[in-house]
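Below: the structure, in structure tokens.
A short reminder: the numbers here are calculations on the coordinates, not readings from a lab. This one's a predicted model, so the numbers in the text were calculated from it and none came from an experiment. Cβ placement follows ideal geometry from the backbone for every residue including glycine, while neighbour counts extend to all protein chains displayed.
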Amino acid sequence: MAHRELLHRHRSVMPNWLALYYEEPIEIASAHGRRVTDREGRTYLDFFGGILTNSVGYDVADISDAVRSQIDTGVLHSSTLYLIESQVELAEKIAHQSGIPDAKVFFTNSGTEANETALMLVTQYRRSGQVLALRNSYHGRAFATVAITGIRGWSASALSPIKVSWVHGGYRYRSPFKDLSDADYVKACVADLREVIETGTAGDVACMIVEPIQGVGGFASPPDGLFREFKKVLDEYGILFISDEVQTGWGRTGEHFWGIQAHDVVPDAMTFAKGLGNGLAIGGVVARAALMDCLQANSISTFGGNPVATAGALATLNYLLDHDLQANAAKLGNRLIHGLRSVAATHPVVGDVRGKGLMIALELVGPAGEPNPAAATALLEETRRRGLLVGKGGLYGNVIRLAPPMTLTEDEAEEALGILAEAVEAVSA
């Protein structure tokens, strides 16, 4: 079926607010490695991985075989009311990798649901509905997670089951503190945090939730160590600390397995999803046992941690660890960032190149440094025309996001750099 016909059917039955990329949207029909082929036969190098989800790439035998093996048992589902060996084994591995003492794990279907679960835990544990969140954040599309999303374009409702206070720190490029040194930037953000607690809350705050690198917000991040200093302040008030690792987990940042580890701090809880399933629907929370066990009512997840998802996720996690994809992300991420900064040096439309590992962003700007969403949209189209799929985001829709599968090769990295250089040149012209 041609894309145009499918697009017509899509628009007839799907919501108007369900976003599609490109002036002429495409359907991905098949894939292998880091390449996808659309329904009309065009092949692309994929540098967005289903929104950072296809972490190991496509058609990976180890993962496909694990899923087929589970399907062959006939048990696609049993629910959390029954024991599931792959679920327990996966939880054991995640608890160990988390670094959280006495950790326990609860599985969900998505990152949104993981963050909703974390909020339910901390608000019950602290008996408080007050939450601290970062400006420019994104944590999901459900009721409470929309409330802690600090990007107007992704906040569909002002109604909320929690009271949120906003803190500076995540998005340095357009921060009022952007011209400060790293040390002074951290001091300014810590002072802001303390002032917000003292003036904008009733004191008994449940938690602070942060993304170590703000994903939808355009892969923005503060200097390393900021969240360690935040945690010191939070501890003074008994406020719990949650790290949203939905996009930064599983070694994608290269230097660490979890994004928060760059700040040399252990959170009370972490949420995860996306890359763990390599395309399968799975998310979850890993937290201190006292926090995880605090609920006094019954609670289950019908589909969370189901046998198929956990079998595939366990195979994905083993593949990531056995092939040291974290090291590959560090090496090729450095190459991409270096190459893109060379491009930016001669093209003022690229105001900033930032990121860690295989989580890289280009912020597009106008002549006075103002956000340039039109340039980002044009670059999205230009890369596609040349056979490269990338993502878009940012508070102003002016950031191009690059997050290829962590199995990326050196040749593919160089190919992508060439395409991006040509695309930036075309947009500049």
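Report the Cα centroid-to-centroid distance between segment 355-401 and segment 171-230 in angstrom, as an integer. Answer, in whole Å: 24.
Applying 1/(1 + (r/R0)^6) with r as the Cβ-Cβ distance of Ala29 and Asp411 and R0 = 30 angstrom yields a FRET efficiency of 0.80.
Placing dummy labels 7 Å off each Cα toward the beta-carbon, the span from Glu381 to Asn334 is 3.8 nm. Below 17 Å, Cα to Cα, which lysines can Lys163 reach? Residues fewer than 8 away in the same chain don't count. Candidates past the 8-residue exclusion: nothing left. Less than 5 angstrom separates the built amide H of Gly351 from those of Glu363, Leu364, Val365, all sequence-distant by 5 or more or on a different chain.
Between Ser342 and Ala188, the simple spin-label model (points 7 angstrom out along Cα→Cβ) gives 3.3 nm. Please give the FRET efficiency for Lys93 paired with Gln296, using the beta carbon to beta carbon distance and R0 = 25 Å, rounded to the nearest 0.05. E between Lys93 and Gln296, to the nearest 0.05, is 0.30. Only the Cβ atoms of Lys and Arg (+1) and of Asp and Glu (-1) were treated as charged; on that basis the dipole of segment 65-322 about its Cα centre amounts to roughly 660 debye. Need the list of lysines near Lys187 for cross-linking: C-alpha distance under 19 angstrom, and skip anything on the same chain fewer than eight residues off. Filter leaves Lys178, Lys231, Lys232. Counted as membrane-span-like here are DSSP H helices of the chain whose alpha-carbon atoms extend 15 Å or more along the helix's own axis and whose Kyte-Doolittle mean is 0.5 or above; these are 307-322. Model label sites at Arg127 and Leu20, defined 7 Å from Cα along the beta-carbon direction, differ in position by 5.2 nm. Shown here: Cα Rg over 2.2 N^0.38 Å, derived from the displayed model; of the candidates [x] 1.03; [y] 0.96; [z] 1.11, it corresponds to [y].
What percent antiparallel are the DSSP beta bridges of the chain, to the nearest 5? Bridges in the chain that DSSP calls antiparallel: roughly 65 percent.
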